[in-house]
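Below is one structure, written out as structure tokens; comments come after it.
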Amino acid sequence: MRPSRPDRRAALAAVPALLVLFLFTVLPLLNVVRYAGWRWSGTSEPEPVGSANLVRLFSDAALWQSLGVTLLFALITVPLFLLLSVIIAWAIEGQRWERPVKVLLFAPGLVTVGGSAIAWFLLYNPDFGVLTELTGFRLPYTTNPAAALAFIIMFTLWQQTGYGVLITSAALRGIPAHVREAAWLDGADEAQVRRFVVLPLLRPVLLFLSVVGTVFAIQSYTAVYLLTRGGPFGTTRVIGYYLYETAFERFELGYGAALTLLLLVITLAVALLQAALLSTRRPAP
């Protein structure tokens, strides 16, 4: 059966988008798969090694340490991100100062990560930071592993919470008023309405934010690179930063490509797992 004229037009209209997708997503990914089978520094002749780089992943102690750091970072950051997004969105809902608060919360996300990192470095540096000079408080993130991880977590939440609040607030506004009114008429108080009515209706939004937050946590790199360089003692070396070290500091581009494939697989697996655990299953009619 030949496609109709409107179908052909739609297919032709999709060609530019498919071409961009192929050039900037599919083709680079295929190249990464090809590089993963090489021993290559970027300047020397590539040496085919087959699956040696992939096998090396299982015995790389530094890789497993970075995966542990990434897991810990995600387990702390993502729940805090969801909790802050919901609590703040509920607190400012319907208030006169709702819009100014949203603007202030979302403003850090509009600043580049590099500019924000410089500001945080000048504020919290334990040797000459503005906060140290004014209050005497020192956050020893350059020497204390726990302080360094807390510093990265605080920076990430400061950058991302505004986005979560905006998404959650929009979802709250989308809940019909009669749903809450029906619960009130049945004798539920405000806390019960939020817990048993509003929160279940927010599940799709929380699923979306949890997936986004987890992907950002797994692929986090810039904040670590600019603020701690993976230190002290590798306690903030997330897998994204370890990938950078491997490929662009040690010039092991072939092994870096293998790490990229591992990171892609982990990201997809975590996203699918979260979708399976948090999605709402509707009974068949």
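Of note:
- Highest mean first, the peptides 82-88, 129-135 sorted by other C-beta atoms within 10 Å per residue fall in the order 82-88, 129-135.
- Modelled this way, with points 7 Å down the Cα-to-C-beta line, the labels at Ala275 and Asp127 are 4.8 nm from one another.
- Prolate/oblate/rounded label for the chain (Cα gyration tensor, a/c 1.5): oblate
- The chain: relative contact order as a whole-number percent, Cα under 8 Å and 6+ apart: 28 percent
- Full extension of the segment from Ala177 to Tyr221, taken as 0.36 nm per residue of separation minus the current Cα-Cα distance, would add 11.6 nm.
- Computed about the Cα centre, the dipole magnitude for the chain is approximately 920 debye when only Lys and Arg (+1) and Asp and Glu (-1) carry charge, each at its Cβ.
- Rounded, prolate or oblate (a/c below 1.5 giving rounded, otherwise prolate when a/b exceeds b/c) for region 14-90 by Cα gyration tensor: oblate
- Computed from the C-beta positions of Leu30 and Leu72, the FRET efficiency with R₀ = 30 Å rounds to 0.35.
- Using the average count of surrounding beta-carbon atoms within 10 Å as a protection proxy, the listed peptides 234-240, 181-187, 252-258, 14-20 rank, highest first, as 252-258, 234-240, 181-187, 14-20.
- Inter-label distance for Glu98 and Thr143, nm, one decimal - labels placed 7 Å from Cα along Cα-to-Cβ: 4.9 nm
- Residue-averaged 222 nm ellipticity for the chain, from DSSP H runs of 4+ at -39500 (n - 2.57), nearest 500: -21500 deg cm²/dmol
- When peptides 118-126, 169-177 are ranked by their average number of other Cβ atoms within 10 Å per residue, the highest-first order is 118-126, 169-177.
FYI, it's all coordinate maths here, none of it is from the lab. Here the structure is a predicted model, which means the values were calculated and not measured. Because the Cβ atoms are built from the backbone with ideal geometry, glycine has one as well, and the counts that use them run over all protein chains shown.
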